Structure formats: structure tokens, C-alpha cells
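A short reminder: the numbers here are calculations on the coordinates, not readings from a lab. What you are looking at is a predicted structure, and each value in this text was computed from that prediction instead of being measured. Note that we place each Cβ from the backbone using ideal geometry, even for glycine, and neighbour counts take in every protein chain shown.
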Amino acid sequence: MKRTGTRQISRFFKGEFQEVEDLLTVEENFVLVVNGESILRTSCSPGNLRELAYGALFSRGIIRAIDDVLSFKLEKERFSVEVRSHVPGPLSPIDSSFTLPLQSLIEAGWECHERAVIFQQTGGTHAAVLADVSGSINFFEDVGRTCALEKVIGHALLNGISLHDKFIFLSSRVSKGMLEKIARSGIPIVGAVSAPTLQAVERAQALGICLCGFVRDKRLNIYTNKWRVKLQ
């Protein structure tokens, strides 16, 4: 399925209406069924649905490893899995001593913007990039900010990439729910182009996550666990 489409629209510009063709991002339905029970219904960008499903399962604590998925089937927008499920327990502080040069966060923000081609064309997507001190590891763009995050996590899980010495950059605000998904995945540093919520900051502080916002134009705010970010 194509990720963009066109429609004729009326655009008001410089005091007059113009009839133009506009490029729009495409969304599709996604349903995740676990052991016969629907646990997630959302809209996402087409493609990478396996990454989305595994990322959703892992970041919710339903599975703890890829081997917990016993079978899966994708039928149109319906992704059905049989899993060796776990009852998600309370979140524990991140067990990682990972630190990061501040410049790496700035560069990840630039890269996230430069690679977000569909956003540049339509203004209708969010993006997420996973990286370490050497550079980016994966990148996903999606109409849903949570879906972009879960695709990044799912790709890492499917490819055996440890997340305890990585950081993630998001082209969105950071909510408490997103922060908890990141914590369950073991990622110790989060950067975002926009602000976190107060509840996200409180959770990040308690869980040992360094949470940075307004990472733009060679500046940023560090809200929690500043020790994880070094000037050099």
C-alpha cells in the first residue's frame, strides 16, 4: 500500500483561494490479537507491521523475549499471535550505566528531521530513531507517534539489538505512557523535539532515565538524570 496519496484542495494564500493538488499521508487500521483476545486497535502507516506488533508486545511487558512468540499470522490489518505471555510487573529502574555526549543527541535530532521525508512532504507523520554513540541504528516514520516508537523497539527486538546502551529520539512530545514503554524496553536516554509531560518527567526520574526535550538548534532541556549526558 502506498504511504501517500493526492487530493484536490482549496488553499487560501496571499488573500485568495487556489485550487491545487495536495499530498497527504496514508493511514490504515491495525489490530493486534494475542491468544485470541484483541489488545490493540489503532491507525498506523502502511508497512513494518511485524515490527509494530513485536514492539507493542515487548513494550507492554506481554513478552520478554522474541522466543515468547510461539506463532503469528498477518491477515490484512489483523496481526494474530500466540504467545507465552507474562503478567507485566511493576517497572524497575533502568539497569545501565550508559552515558552519551550531548552532541550525539543534537545530531540525532538533525537526522530525525532530515530522514522524515513523508513529514516534509505532508506534515502528517511522527518519527523515531534509535542510535548509540556511533550513530543511528534504525529509523521509522508513522502517522502515530506511539506506532513509530513501537516499530523502532520491535525492529531492535527482531534483530537481537540490546537496548541498554542505546538512546531514542522522538519527533513528538513525550507522555507518561510512552516513557513507560521506553522503560520496559530498557532504553536509558530519551531525546525529543517537544516537551514531556510532568508525569513523564516524574516517571523518568524514578526509573533512572535521562529525559531531554526541546532538542532543537543546538539547544536542549535536560529534565532528569543529567549525569547520563556529557558535554564531550
Unpartnered cysteines of the chain (Cβ-Cβ under 4.7 Å counts as a partner)? Cys112, Cys210, Cys212
Kindly write out, for segment 171-180 in residue order, the coupling ³J(HN,Hα) from the Karplus curve 6.51 cos²θ - 1.76 cosθ + 1.60 (θ = phi - 60°), rounded to whole Hz, with x marking Gly and Pro. 8, 7, 6, 10, 8, 4, x, 5, 4, 5
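Among rounded, prolate and oblate, which fits segment 100-230 when a ≥ b ≥ c are the square roots of the eigenvalues of its C-alpha gyration tensor, a/c under 1.5 means rounded, and a/b larger than b/c means prolate? Please report the intermediate quantities before stating the final value.
Values: a/c = 1.30, a/b = 1.20, b/c = 1.09.
Because its axes are fairly even, with a/c under 1.5, segment 100-230 counts as rounded.
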A 24 angstrom limit on the alpha carbon distance is what I want to check against. Which of Lys73/Lys176; Lys176/Lys226; Lys76/Lys176; Lys181/Lys218 exceed it? Lys73/Lys176; Lys76/Lys176; Lys181/Lys218
So what is the 222 nm mean residue ellipticity for the chain from helices alone, if each DSSP H run of at least 4 adds -39500 (n - 2.57) and you divide by all residues, rounding to the nearest 500 deg cm²/dmol? -8500 deg cm²/dmol
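Using +1 on the beta carbon of Lys and Arg, -1 on that of Asp and Glu, and nothing else charged, what's the dipole of the chain about the Cα centre, debye to 20? Mind dumping the intermediate values first?
Values: 28 positive and 25 negative charges, 94 e Å.
Dipole of the chain, to the nearest 20 debye: 460 debye.
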Quick one: what are the phi-derived ³J(HN,Hα) couplings along segment 64-80, Karplus 6.51/-1.76/1.60 with θ = phi - 60°, whole Hz, x for glycine and proline? 10, 7, 4, 5, 6, 8, 8, 6, 8, 8, 10, 10, 6, 8, 9, 10, 10
Label-point separation in nm, Glu114 to Ala65, each point 7 Å along Cα→Cβ: 3.8
Listed residues Cys112, Thr125, Gly186: farthest to the positive end of the dipole of segment 100-230 (Cβ charges): Gly186
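Kindly rank 6-12, 203-209, 62-68 from highest to lowest mean number of other beta carbons found within 10 Å of each residue. Mind showing how you got there, number by number?
On the way: 6-12: 9.4, 203-209: 20.1, 62-68: 15.0.
Ranking the peptides 6-12, 203-209, 62-68 by packing returns 203-209, 62-68, 6-12.
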Where a ≥ b ≥ c are the square roots of the eigenvalues of the C-alpha gyration tensor, would you call segment 40-140 rounded, which needs a/c under 1.5, or, failing that, prolate if a/b is larger than b/c, or oblate? oblate
